[in-house]
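**Student:** The structure that follows is given in the form of structure tokens.
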Amino acid sequence: MRFYGVVVGVVAVRTAVAADLDAIREVFRAASLSNAEDRAVLLAHPEVLVWPGTTIAQGLTRVAVDDDGAIVGFATAVPVDREWELEDLFVQPGRMRQGVARRLVQDMLILAARSGVRTVRVSANPHAIAFYTTVGFVPDGTAQTRFGPAPRMRLDVIDASR
């Protein structure tokens, strides 16, 4: 499988379990607040800073763990029709730009290909467009979110496996 970008600082990726919930919530909150331009609006709506965790029981959330077993990032892909929607991709701020998110996307693409999924879509935070482009996503319209319009992006899994 061809993967767009270089994976640096490889971490192990596994399916999240119920015992991971608190650690995942910590990563979610810290990563969400790490972008200064988003911080004020998020703090004005603190309910959005609590990750619900419902996808853990469904086996849809994957966690990246370091050598000590600490969770340093996570991703959730939810089936929608015959595609997957990347709902979550968050990395502990101290581990950003070290290949963790790339490793999580790579893991998702492998699982998608094995599952016969041909397309993964995401409503991207505008600050993350460069990352998504680097790992192979392409623009695919706009979605309306709670906080306004967001770029939609698509990655065709069949293209990623060539």
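**Student:** Looking only at Cα atoms, what is the convex hull volume of the chain per residue, in Å³?
**Tutor:** Spread over its residues, the Cα hull of the chain gives 112 Å³ apiece.
**Student:** Say R0 is 30 Å: what FRET efficiency, to the nearest 0.05, do D67 and T134 get from their beta-carbon distance?
**Tutor:** The computed FRET efficiency comes out at 0.75.
**Student:** Quick check for you: with a 1.4 Å probe and neighbouring chains kept, what is the accessible area per residue of the chain, in Å²?
**Tutor:** I get 53 Å² per residue for this part.
**Student:** Could you give me the ³J(HN,Hα) list for the range 92-104, computed from phi with Karplus coefficients 6.51, -1.76, 1.60 and θ = phi - 60°, whole Hz, x at Gly and Pro?
**Tutor:** 3, x, x, 10, 5, 6, 10, x, 5, 4, 4, 5, 5
**Student:** Counting only the heavy atoms of the protein chains, how much of T133 is accessible to a 1.4 Å probe, in Å² to the nearest 10?
**Tutor:** Looks like 80 Å² after rounding.
**Student:** Give me the percent relative contact order of the chain, please, defined on Cα pairs under 8 angstrom at least 6 residues apart.
**Tutor:** Averaging sequence separation for qualifying contacts and normalising by length gives 25 percent for the chain.
**Student:** Let me ask something else. Computing the accessible area with a 1.4 Å probe over protein heavy atoms, can you report the carbon and sulfur percentage for the range 7-162?
**Tutor:** Result for the range 7-162: 52 percent of the exposed heavy-atom area is carbon or sulfur.
**Student:** Using a 1.4 angstrom probe with every protein chain in place, what is the largest-first accessible-area order of I24, I110?
**Tutor:** Result, largest first: I110, I24.
**Student:** List the residues whose amide H sits under 5 Å from the amide H of V72, counting only those 5 or more places along or on another chain, with H placed 1.01 Å from N in the peptide plane.
**Tutor:** A64, V65, D66
**Student:** Quick one: how many Å² of D22 are accessible to a 1.4 Å probe, rounded to 10?
**Tutor:** Per-residue accessible area (D22): approximately 110 Å².
**Student:** With a ≥ b ≥ c taken as the square roots of the eigenvalues of the C-alpha gyration tensor of the range 69-162, please select rounded if a/c is under 1.5 and otherwise prolate if a/b is larger than b/c or oblate if it is not?
**Tutor:** Note, shape of the range 69-162 comes out oblate.
**Student:** Report the FRET efficiency, 1/(1 + (r/R0)^6), for D81 and A18, where r is their Cβ-Cβ distance and R0 is 41 Å, rounded to 0.05.
**Tutor:** 0.90
The values are calculated or read from the model by the stated rules, or taken from the named source; none is laboratory data. In this text the structure is predicted, and so the values were computed from the model without any measurement. As a convention, Cβ positions derive from the backbone with ideal geometry for all residues, glycine included, and neighbour counts pool all protein chains shown. We work out accessible area using only protein heavy atoms, side chains counted, and drop any ligands, DNA or RNA first. Shrake-Rupley method; radii C 1.70, N 1.55, O 1.52, S 1.80 Å.
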